[in-house]
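Contents: one structure, followed by commentary.
Values quoted throughout were computed directly from the atomic coordinates according to the rules given, and no laboratory measurement underlies them. Not measured: the values here are computed from a predicted model. Note: ideal-geometry Cβ built from the backbone for every residue, glycine included; neighbour counts use all protein chains shown.
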Amino acid sequence: MKRKSMKLLMSLLVTASLLVGLTGCGSKDEGTKAESPSTDTQTEESSQPAESEESETEGEATDKIKLGLTIYSTTDATAGPVVNNMQTACDGMGAELVIATDEQNPEKEITNIENLIANGCQAVFCLPYADDSIPRIAKICEDSEVYFGFYWYDLSNEETHDVCYASKYFLGNIYEDDVWSAYTAMKTLNEAGASHIGMFGLPTGRTTTTKRDNGIAQACEEFGMEILVEDRVNTNTSDDAASSVESMVSAYPELDGIVIAGMTQTCLPGVIQSLQNLGMTEQVKVSCIDFNENQTEYFEKNSVNGVIGGHFTGGAWLAVLAVNKLQGTPLVDEPVSIKDEFIVLQSAEDAKNYDAHLYQELPYTADEYAQMSKKINEGFTYEDLLKVVGSYSIEDVMTRHNVE
Amino acid sequence: MKANNEKKGMELFINIFPFISLIVVFAGFALLSGGRTLDMTNCRKIFEQSFTLLLVAGAAVFLLSQNCLDMSVGAAIGMTGVVAALVSKINIPLAFFAALGVGLLIGLINGVLHGVLGINAMIATLAMSFILRGLLLIVCKSGTVGIAVKMYDLDEVGLKLAVCLAFLVAAWLLFQFHSYGKQCRAVGAGETAAVQSGIRITFIKVISYVLMGAATGIAGFFTVIRTGAAMYNTGNMVEFDILIALILGGMPINGGADSRFRSAVIGVLILGILNNGMVLLGLDTYPQLITKGIIFILVLAMTFTIRNKINRGKKTA
């Protein structure tokens, strides 16, 4: 008798769950539309920006524009500043930022995007894991009527470019000159006297990877340098990178330089530690793309010769585009591709200045971001935004923030 | 008499505990999120996010009921996904059969390693997982493999629901009513006794791994449809998600006669609702991981303690 009632209970629950699912398929779009209000509605209802504290406390909880960011981490020296800058931009313009992390692969990224949309985000931003994931991301956002954009991503692949630009929900992408960054990293090594290089690289399949590879190839040709060995696998932990360096050095005794063209956060400490243990810090020069927490110390110890990075404002620019769009005061009607600027560090002093004025203090304050909202500053235009983006440098920040 | 009643009470509790957990999680998040978890679109997302886990957890019931593990499930999903992506550029139906074929082959090898050669299941499948991840790195060239654009058309929730229902119902019937399912539980209850009862353990084990392989093949195919690309770490950690789901669903970790097929469905639903609900409540990733870990330990500790008491009672009797 007990067994029968157990089975009945089980059947009821399973049936109920499946029915909920089935009903869900039946109303494919209705729910999403209800969840994600149209642009016009938000224009009416979106809260006033953070400038006025009073308005913030009065009902922002329900009316705030909600933006979503999916990113692999919120704390490391590369992803952390992206999050901090975007958060400050949202605070300044009166929007709410929801962050989803723990990205490991395309399916996790897709899940994050779905969850952000389910959470009520009206625009979501990501760094696509692969060009091939972009049509899927675009479809999810279109089905849900949610705006989307990409940071750190160059849409030079024609197919994915067309997919995005065909969508009325695509805001744009913020990209960096990855050919230039890789070329500059290699040039730094060349200036330090290195020509036989070991390389740590990003996984293939991304436009970023292709561009950085092109930059490295360009430098090799121009400066007569040679990539002896490359590793795109042992990049996820410092231990793996350290072991990889040991293998590189023993297989190629002539190796005199290492370029880290991505995954610097995990690779660089392992590379430096390994070279130090092998007593080869002087012999093997190191340069990398992307900043890390200990770069000042590494420069002081001459463990690193050049670091190219600081491209952490892309998320904030996407937030500026999204908030203005969702407020009904778009800066631009078409999707845009904005080039973010890199910062090149070549000395401990550069690293200290960066740390003090662009990392500990952010390059733009909430008030500065607030001025990029047309609701607050009616005269702000897309051209003004491009000027701000184009002038990004340590000197620019120090001048704007009156640093001696 | 009193001891007997107490034992019956504990057995009843252990049986209904997964249902209570599901109801608590479902109702709790519905209340906390102001009903947002009940939104139809959200329910659809929970199903889509849980779809592949439902398939592989359903197949894993056969293995875990025999006290066997498959640590290569994630890597097998990655491999079948990559194969599906590569073959999809030639022919999409062929991509499905290629993924299924590769899954079956991986399952067969695992089955032979453990069932025929007698290598410990965890070690054998762990080794298989390393081999598959290595192959994935070679095939993917440390990057991603995209699918044919037309394959996106298959990303329909109706199709997934049909596949999922068909697979789960077939697996449930097999596990609950067919002699094969009963033999799986008998093997988990005690291999020696099973052998003496005339059960062909080798055959049972090989078939179970082959079934798991079939599930990974289907899961890999639908994973790449969902994401548009397969990567060398596609399917990463799925084997642990399966374990967590089955334990949350009330599966005894040592398998045996108490194994129930419903553990897979209930466990995956609990996990899906839990993951989704925490996101809807705006919980950051790190508190999410901590919360999941704590819930898992609590459920495990509680069910372990109660099961031990029940088993001690049985021995005493």
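How crowded by other chains is B:34-40, given as the mean number of beta carbons from other chains within 10 Å of each beta carbon?
If you average over the peptide's residues, the count of other-chain Cβ atoms is 4.
Could you tell me which of rounded, prolate or oblate describes chain B, using a ≥ b ≥ c as the square roots of the eigenvalues of the alpha-carbon gyration tensor, with rounded for a/c under 1.5 and, failing that, prolate when a/b is larger than b/c and oblate otherwise?
It comes out oblate by the Cα gyration axes.
Where does each of A:Ser238, A:Ser181, B:Ser88, B:Ser208 land when they are ranked from fewest to most other beta-carbon atoms within 10 angstrom?
In order of increasing Cβ crowding within 10 Å: A:Ser238, A:Ser181, B:Ser88, B:Ser208.
Can you give the mean number of other chain Cβ atoms that lie within 10 Å of the Cβ atoms in peptide B:221-227?
Averaged over the peptide's residues, the number is 4.
For a footprinting-style exposure proxy, rank A:Ile65, B:Ile92, B:Ile77, A:Ile197 by other Cβ within 10 Å, fewest first.
In increasing order of surrounding Cβ atoms, one gets B:Ile92, A:Ile65, A:Ile197, B:Ile77.
Relative to a virtual label point 7 Å from the Cα of B:His178 in the Cα→beta-carbon direction, which members of the stretch B:95-133 show backbone nitrogen distances below 20 Å?
B:100-112, B:115-116
Under the definition of Cα pairs under 8 Å and six or more residues apart, what whole-number percent is the relative contact order of the stretch A:295-395?
Values: 88 pairs, mean separation 36.0, N = 101.
This gives 36 percent for the stretch A:295-395.
Taking other Cβ within 10 Å of each residue's Cβ, how do B:Lys205, A:Lys66, B:Lys182 sort, fewest first?
Numbers: B:Lys205 26, A:Lys66 22, B:Lys182 15.
Lowest count first: B:Lys182, A:Lys66, B:Lys205.
For A:Ser250, what charge total do you get from the other residues with a beta carbon under 15 Å from its beta carbon, if Lys and Arg give +1 and Asp and Glu give -1?
Details: positive: none; negative: A:Asp231, A:Glu246, A:Glu254, A:Asp256.
Residues close to A:Ser250 contribute a combined charge of -4.
Just grab the label-to-label distance for B:Ala301 and B:Asp284, each label 7 Å out from Cα along the Cβ direction, in nm (one decimal).
About 2.5 nm separates the two model spin labels.
Taking R0 as 41 Å, what FRET efficiency do you get between A:Glu395 and A:Ser250 from their Cβ-Cβ distance, rounded to the nearest 0.05?
On the way: r = 43 Å, r/R0 = 1.05.
FRET efficiency, A:Glu395 to A:Ser250: 0.40.
Based on the Cβ-Cβ distance from A:Asp143 to B:Leu159, what FRET efficiency comes out when R0 is 25 Å, to the nearest 0.05?
0.95
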